[in-house]
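*Asks:* Please see the structure below; I have some questions.
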Amino acid sequence: MQTLVTGGAGFIGSNLVDRLLAGGHTVRVLDDLFTGFRENISPSAEFFEGNVADEALVRDAVAGCEVVFHQAAHKAVQRSVEAPLTTDMANTHGTLTVLKAALDAGVRRVVYASSSSVYGGAEVVPTPESQVLMPRSPYAVSKLAAEHYCRVFAELYGLETVALRYFNVYGRRQRPDSTYAAVIPLFIDALLSGHRPTVHGDGGQSRDFTYIEDVVDANLAAATAPADVCAGKAYNVAGGDETSLLDLLAALGRILEVVPEPNFAPPRAGDVRRSRGDGAAATRDLGFTCRVPLDEGLRATVDWLRTR
Ligand SMILES: NC(=O)c1ccc[n+]([C@@H]2O[C@H](COP(=O)([O-])OP(=O)(O)OC[C@H]3O[C@@H](n4cnc5c(N)ncnc54)[C@H](O)[C@@H]3O)[C@@H](O)[C@H]2O)c1
């Protein structure tokens, strides 16, 4: 099938592009290289360089596509705190632009990359999709606003949309050297280079780490699941385990055969204490379940970072 991956030069998007190409699909990438890298874009994909909020460009990129995987976004929570307007333009207006162009072009389905941040620290853990949504940063508000646009486009115009709420994704091509790098590549990079990893707070805060190949599988499942079941809905994509940052460090220490000695820094404003997603709805409706255990995913991530 003909597909478009927005954000296809980024971490998640580029892994998805590679898998789509391997599956024999035709792939376009739309990306403005804000946090993505040209070197991530497969030469077998057709590249549209520019902004998801650029109507004319998006119209060209979606023409003739059956499925759009909308991954492009300004992703860093901290950046959104510092620059809420640009985050909103990319994430909320960008998604609306993609949805409108997809509708006009007769795209069958848009799969949207949402985020567990929409829960904002839910009381029930593991958290099901029915929990109260209380985003706590401009980033999280924008991801939720775009989710609502997806639902409204399904209900109002009949465009098939599926939102996937990713929980802390990690794996190949997630870089430690970006401005707001994620904790797993930061920890691995510190341990590989003999530095002390920085832990914000007491390290007892937990996350539900989800391996990139599972996230790619979730996208493929969301592209084909029956519309009468999933259109207009949002699903957790969650590894399913709750791991504290100190346990994560210990696991990496075992893999790298070092004893991690963290530096403790003040807690970060807005950090939630516990995060773990309930994946039952995705299993029921999309036929999708995360399969890669943390230890296996961490080993593959260490191998990738070692070869960089
Ligand atoms: N990585 C995670 O743990 C995680 C968790 C929850 C949700 N998400 C969502 O998954 C998606 C992909 O995240 P990622 O981790 O691969 O991040 P990333 O920063 O590596 O990728 C995002 C890509 O989008 C591109 N982009 C950003 N703004 C754009 C714009 N206005 N126009 C065109 N391209 C633009 C960037 O250049 C980059 O290539 C995002 O929507 C993010 O909100 C990620």
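*Asks:* Which residues, taken from region 213-223, are under 14 Å from residue 164 (Cβ atoms) and in contact with a helix residue (DSSP H, G or I) (Cβ under 9 Å, 6 or more places away or on another chain)?
*Replies:* Those that are under 14 Å from residue 164 (Cβ atoms) and in contact with a helix residue (DSSP H, G or I) (Cβ under 9 Å, 6 or more places away or on another chain): 214, 215, 216, 217, 218, 219, 220, 221, 222.
*Asks:* Taking the criterion of being without any contact (Cβ under 8 Å) to a residue 12 or more places away in the chain, surrounded by fewer than 19 Cβ atoms within 10 Å (Cβ to Cβ) and polar (S, T, N, Q), would at least one residue in region 232-245 satisfy it? Break it down stepwise before answering.
*Replies:* First pass over region 232-245, keeping only residues without any contact (Cβ under 8 Å) to a residue 12 or more places away in the chain: none.
So far as region 232-245 goes, no, none of its residues is without any contact (Cβ under 8 Å) to a residue 12 or more places away in the chain, surrounded by fewer than 19 Cβ atoms within 10 Å (Cβ to Cβ) and polar (S, T, N, Q).
*Asks:* Does residue 109 satisfy the condition of being buried (at least 22 other Cβ atoms within 10 Å of the Cβ) and touching a residue at least 24 places away in the same chain (Cβ under 8 Å)?
*Replies:* So residue 109 passes the test.
*Asks:* Pick out the one residue from 54, 60 that is among the acidic types (Asp, Glu), within 13 Å of the ligand (Cβ to nearest atom) and within 19 Å of residue 106 (Cα to Cα).
*Replies:* That would be 54, the only listed residue that is among the acidic types (Asp, Glu), within 13 Å of the ligand (Cβ to nearest atom) and within 19 Å of residue 106 (Cα to Cα).
*Asks:* Report whether or not residue 137 is at pLDDT below 95 and surrounded by fewer than 18 Cβ atoms within 10 Å (Cβ to Cβ).
*Replies:* On the way: at pLDDT below 95: yes; surrounded by fewer than 18 Cβ atoms within 10 Å (Cβ to Cβ): no.
No: the conditions fail for residue 137.
*Asks:* Looking at (1) in contact (Cβ under 8 Å) with a residue 24 or more places away in the chain; (2) within 9 Å of the ligand (Cβ to nearest atom), find the lone condition where residue 99 falls short.
*Replies:* Failed condition: (2).
*Asks:* Assigned to a strand (DSSP E or B) and at negative phi, is that true of residue 34? Before the answer, list the steps.
*Replies:* Working: assigned to a strand (DSSP E or B): no; at negative phi: yes.
When the stated conditions are applied, residue 34 does not pass them.
*Asks:* Then there is this: Restricting attention to region 157-176, report how many residues are within 11 Å of the ligand (Cβ to nearest atom) and more than 8 Å from the chain's Cα centre (by Cα).
*Replies:* Looking only at region 157-176, we keep the residues that are within 11 Å of the ligand (Cβ to nearest atom), and these are 163-171, 173-175.
Filter once more, keeping what is more than 8 Å from the chain's Cα centre (by Cα): 163-164, 170-171, 173-175.
Selection size over region 157-176: 7.
*Asks:* For region 115-142: of the residues being within 15 Å of the ligand (Cβ to nearest atom) and among the charged types (D, E, K, R), which is farthest from residue 235 (Cα to Cα)?
*Replies:* Restricting to residues being within 15 Å of the ligand (Cβ to nearest atom) and among the charged types (D, E, K, R), the top hit is 136.
*Asks:* Here's a follow-up. Filter region 258-288 for residues that are part of a loop (DSSP other than H, G, I, E, B), outside the structural domain of residue 127 (by TED's automatic domain parsing) and more than 19 Å from residue 115 (Cβ to Cβ); which is nearest to the chain's Cα centre (by Cα)?
*Replies:* The selected residue is 267.
*Asks:* Condition check: of a type outside the set (Gly, Ala, Ser), under 24 Å from residue 126 (Cα atoms) and surrounded by fewer than 15 Cβ atoms within 10 Å (Cβ to Cβ). Does residue 291 satisfy that?
*Replies:* yes
*Asks:* Say we look at region 63-88 and pick out the residues that are over 18 Å from the mean Cα position of the chain (by Cα) and in a helix (DSSP H, G or I); which of these is nearest to the ligand (Cβ to nearest atom)?
*Replies:* 86
*Asks:* Of all residues in region 9-49 being near the ligand (Cβ under 7 Å from one of its atoms) and under 21 Å from residue 224 (Cβ atoms), which is surrounded by the fewest Cβ atoms within 10 Å (Cβ to Cβ)?
*Replies:* 12
*Asks:* A further question follows. Go through region 221-257 and report how many residues are over 15 Å from residue 297 (Cα atoms), among the β-branched types (Val, Ile, Thr) and within 20 Å of the chain's Cα centre (by Cα).
*Replies:* Selection size over region 221-257: 2.
*Asks:* Give the residue that is farthest from residue 107 (Cα to Cα), with candidates limited to residues of region 228-255 that are of a type in the set (Gly, Ala, Ser) and assigned to a strand (DSSP E or B).
*Replies:* In this case the residue turns out to be 244.
The values are calculated or read from the model by the stated rules, or taken from the named source; none is laboratory data. Everything quoted here is computed from the prediction, not taken from an experiment. Cβ: placed from backbone, ideal geometry, glycine included. Neighbour counts: every protein chain shown.
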